[in-house]
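The values are calculated or read from the model by the stated rules, or taken from the named source; none is laboratory data. This structure is a prediction, so every number in the text was calculated from the model and none was measured. In this analysis, Cβ positions are derived from the backbone assuming ideal geometry, glycine residues included, and neighbour counts consider all displayed protein chains. The accessibility values were calculated without ligands, DNA or RNA, using every heavy atom of the protein model including side chains. Shrake-Rupley method; radii C 1.70, N 1.55, O 1.52, S 1.80 Å.
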Amino acid sequence: MPLSASFETFFEEHKDRLFGVMFLMTANRQDAEELAQEAFLKMWERWDSVGRIADPGAYVYRIALNAFRKRVRRADISRRLTLRAPSSTPSASEDSLLLHEALRVLTPRQRAAIVLTELLGYSAIEASEALGVKPSTIGALKYQARAALKGGPADG
Amino acid sequence: MDDLREILEQDLSRVGPAAFDLEELTTKREGVRRKRRVQAGILGLVVVTILIGLLVTALRAVETSEPVTTPPPRTNGWVVYSILGRGFDEPQGIYVARPGTDPKRIVGAAGDGARGFCPSFSPDGSMLSYTEGHGPGQPPGVVKIVVTAVDEFAVPVGSAQRIEVPSRGGGRGLCAQWSPDGTALAYSDSGLWVVPIGGGDARRLVEGPIHGTLAWSPDGTTIAGTSSGYVVLISVDDGEMRAVQAGTYGGSVSWSPDGRAVAVAVKDGSDGGSDRDIAVIDIERGTSRVLPLGPGVTGNEPDWSPDGQQIAFVDEGSIHLVDPDTGYLDSLPGVAVPDPSPLEIHAVDWSPDGQRLLAFGTDYQPELAYCLVSIAADGLGDPVLISPVTIAFYYTGPSDFDWQGVPT
């Protein structure tokens, strides 16, 4: 099947930023690539219909965020399942060193909250929908993130 | 918080461009599509396998659900009955009759002392069998099952086949039953025996007493009877016996025309066992259900209609019909022949066309006597007297009358 020219344009236009945003949220290059590619693949499959909507860019971010949310949820479940395992000292990965030192200490949810609201300009409600949490939780996550960036607690 | 946004933008620029391009995405897309095709293929294979399985199961169900041998439609021929009352006004013997004609004695003659009982027409109506008991000049301890062809008037023609059966007690209970294809007879005498028509040795399928009226399954593979309070199903091939229902009293077992079930009278546990219900036994599952006959109604001598829609039975002298599926009960009006006082009915037998019932009953007025009458199964129309009203029927039982079926 020949490539749709408009999808190719769309892909080239959004791939780096979507990958970057996903990297900020996951602090892992491989995860970011997988999430971004998954979003583009789904977008491509539906391009005939989705390509005609007003803002397909927002749509591909929504797809990527849904995938991110599922991964975080799975990670939460996995963490709960291994709660009794001996804790190891967290060490910064090579990828995460690309992040500002302050961002490294944040949890994925906290990072996602500030990425969505500060970088992508989502409202609290939009961010809450994207992350599958209550709007008030977005406020709490942002507060925790700011406190962490200022050297305070980063629980969350 | 511009500083936070600035930090994020700086980090974003530091991350650099995505390492994947459209070519990689295309490759991945093809991989995803291939995987989906494989999954769809596997799913399709699973679905097809399931569908084939369901189809095979359905076909098997259809195969097993359809009667192996569908009885051909038949019209009503002659009624045959035996009179056993020696010394009464009516000479003993075997008679044939039909409405509008005088009964005709076809077995026995004045003064010959022969005792014939359990007359039964072959399924196609061309042959007659009966049991010949002890008579003058006959050795004791031996009875004979007589098989003879009959003409259009149900009169025996040609030479008869006589099957000698060593039997205790004069053989009164020895009533042979035709196989559905008319090639063999089954009888019970210290076990269950099957004997071929036209010659050949009798074959004992099981030892031990088998009571009640033997009943061939419509496909001819199984014979039902009762033994020690159980309904037993006996394979004609190898004599394997299976008990499927307890609580019977040894009466008639009647097959449904499709061969899926039998109906039998069972003891009602509610009153200590003297009352009787009718149970329908699923042959394949071995399960049974008691038909709700209603308070005070007792089920005796069930007989399944040729179309399978109703089971006729008698209760306290009255005839009832019950739908074996719904349990809907219908009661026929009293049989007021030959006089206005109703007969007390003891047994019924469906006519071959399923439109009428042959009933045997007692008339108490003006004196004790018995008779056979034909009654419309829908209860409409007047009953028709088939036999004389005579005390000579004194020894007659349900196996002593039969209605000839004539293939259409």
Whichever lysines have a C-alpha closer than 26 Å to that of A:Lys134, once near sequence neighbours (fewer than 8 apart) are set aside: A:Lys70, A:Lys142, A:Lys150
Run down the aspartates and glutamates and flag those whose C-alpha is under 15 Å from the C-alpha of B:Lys144, throwing out any fewer than 8 positions away in its chain. B:Glu132, B:Glu164, B:Asp189, B:Asp201
Taking the Kirkwood radius as the inverse of the mean 1/r across Cα pairs, report the Rg/Rh of chain B. 1.33
Nonlocal amide H pairs with B:Gln245, under 5 Å, H built at 1.01 Å: B:Val231
How fast does the range B:268-408 diffuse by Stokes-Einstein, in µm²/s, taking the Kirkwood radius from C-alpha pairs at 10 °C and 1.306 mPa s? 100
In whole angstrom, note down how far apart the Cα centers of the range B:17-50 and the range B:186-232 are. 66
Springs between alpha-carbon pairs under 10 angstrom, Gaussian network model over chain B: which of B:Thr226, B:Thr49, B:Thr287 fluctuates most? B:Thr49
If you add up the charges near B:Arg356, with Lys and Arg at +1 and Asp and Glu at -1, over every other residue whose beta carbon is less than 11 angstrom from its beta carbon, what do you get? -3
Percent relative contact order for the range B:275-408, counting Cα pairs under 8 Å at least six residues apart, stands at 15
With all protein chains present, calculate the accessible area of B:Leu59 using a 1.4 Å probe and round the result to the nearest 10 Å². 100
For the range B:379-401 and the range B:303-339, distance of Cα centres in Å: 17
Working from Cα positions, state the angle (0 to 90°, nearest 10) between the long axis of helix B:2-15 and the longest principal axis of chain B. 80
Accessible area buried, both sides summed, chains B and A with 1.4 Å probe, Å²: 2900
Considering protein heavy atoms only and a 1.4 Å probe radius, which residues within the range A:21-59 exhibit an accessible-area decrease of no less than 40 Å² in the full assembly relative to the chain by itself? A:Leu24, A:Glu33, A:Gln37, A:Leu41, A:Trp44, A:Glu45
Helix-only [θ] at 222 nm, chain B, -39500 (n - 2.57) per DSSP H run of 4+, per residue, nearest 500, equals -5000 deg cm²/dmol
Percent relative contact order for chain B, counting Cα pairs under 8 Å at least six residues apart, stands at 14
Name the residues of the range A:107-152 whose accessible area falls by at least 50 Å² when all protein chains are present instead of the chain alone, probe 1.4 Å? A:Glu118, A:Leu119
Search the structure for amide H atoms under 5 Å from the amide H of B:Asp282, placed 1.01 Å from N in the peptide plane, and list their residues when 5 or more places away or on another chain. B:Thr287, B:Ser288, B:Arg289
